[in-house]
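Q: This is the structure I have questions about; it appears just below.
The values are calculated or read from the model by the stated rules, or taken from the named source; none is laboratory data. A quick note: this is a predicted structure, and the numbers were derived from the prediction, not measured. Neighbour counts are summed over all protein chains in view; Cβ atoms, including those assigned to glycine, are modelled from backbone coordinates with ideal geometry. Each accessible area value is taken on the protein alone, full model and side chains, heavy atoms only, with ligands, DNA and RNA left out. Shrake-Rupley method; radii C 1.70, N 1.55, O 1.52, S 1.80 Å.
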Amino acid sequence: MYLIVLSSAILLSSFDAAFSSAQPRHSRASNKCRSFVDGPLGFCSVKTGYNTTFQYPDIVTDSVLEKVANRLRRYFSSLSNCSQIGLVESLYCSYALPHCSGGKRVYPCKRVCSEFLKLCEDKIPVTFMDYVIANCHVLPDEPPSSGNCFEPANFFTNESIKGENKTNIP
């Protein structure tokens with residue numbers, strides 16, 4: 001199941017990367033932000049704290065998004081005990097539905113990913129851990145007030161919880 005969720009998220013984020021790179025090979029359907037609340041992945045807005053993304057090209061249909069939504073829901077339910085503050089949703093929904101603000105992509109802040117790893121590392125398969133850590137390393141290490149990253153609503157860190165040294169992200 002983890003590989004299915006991962007492959008779906010990679011597929012959608014690859015579309016976004018292909019359509020948003022500095023010198024795009026393909027243009028997005030639109031660089032304007034649009035609401036996703038009424039679509040198949042509308043549940044992502046509840047805990048992520050954002051509700052706008054980019055328009056996908058026509059090949060990414062509602063049927064494709066519905067399949068991704070079903071896989072994400074199952075994945076979130078398997079991690080529900082390790083994150084009550086939207087960390088899982090903020091990370092994985094941002095792969096499927098990149099946060100759009102002012103026509104640019106806004107990533108989760110690095111400390112969101114670091115907190116996710118501290119709270120959920122024992123629930124993440126070892127084979128998947130390197131991928132999660134690598135993604136954490138490329139996230140902006142800035143406060144959300146910079147506008148370059150976001151944190152879920154009601155986000156806080158718990159400094160009393162220490163993850164294993166292999167997963168702490170500086």
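Q: Just the number please: accessible area per residue for the stretch 42-163, 1.4 Å probe, all protein chains included, in Å².
A: Solvent-accessible surface per residue comes out at 46 Å².
Q: Also: Report the gain in length on full extension from Ser63 to Glu142: 0.36 nm times residue separation, minus Cα-Cα distance, nm rounded to one decimal.
A: 24.9 nm
Q: Please list Lys67, Lys110, Lys47 from largest to smallest accessible area, probe radius 1.4 Å, with all protein chains kept in place.
A: The residues order as Lys67, Lys47, Lys110, largest area first.
Q: Another question, if that's okay. How many percent of the accessible area of the stretch 32-170 is carbon or sulfur, using a 1.4 Å probe?
A: That share works out to 50 percent.
Q: Do any of Lys67/Lys118; Lys67/Lys123; Lys47/Lys118 go past 27 Å between their Cα atoms, and which?
A: Lys67/Lys118, as the Cα separations exceed 27 Å there.
Q: A further question follows. Could you state how much accessible area Arg74 has, in square angstrom rounded to the nearest 10, with a 1.4 Å probe and all protein chains kept in place?
A: 120
Q: Calculate, for Asn158 and Asn70, the FRET efficiency according to 1/(1 + (r/R0)^6) with r their C-beta to C-beta distance and R0 30 Å; round to the nearest 0.05.
A: Result of the calculation: an efficiency of 0.45.
Q: Work out the length of the dipole vector of the stretch 27-106 about its Cα centre, built from +1 on the beta-carbon of each Lys and Arg and -1 on the beta-carbon of each Asp and Glu, and round it to the nearest 20 debye.
A: Charge dipole, the stretch 27-106, about its Cα centre: 180 debye, nearest 20.
Q: Which GluC sites (Glu not before Pro) from the stretch 112-162 combine a DSSP loop assignment with at most 15 other Cβ atoms within 10 Å?
A: Passing sites in the stretch 112-162 are Glu159.
Q: Give me the one-decimal nm value for the distance between modelled label points at Val46 and Ala134, 7 Å along each residue's Cα-to-Cβ direction.
A: Output for this residue pair reads 3.2 nm.
Q: Taking R0 as 41 Å, what's the FRET efficiency between Asn81 and Lys32 from their Cβ-Cβ distance, rounded to 0.05?
A: 0.60
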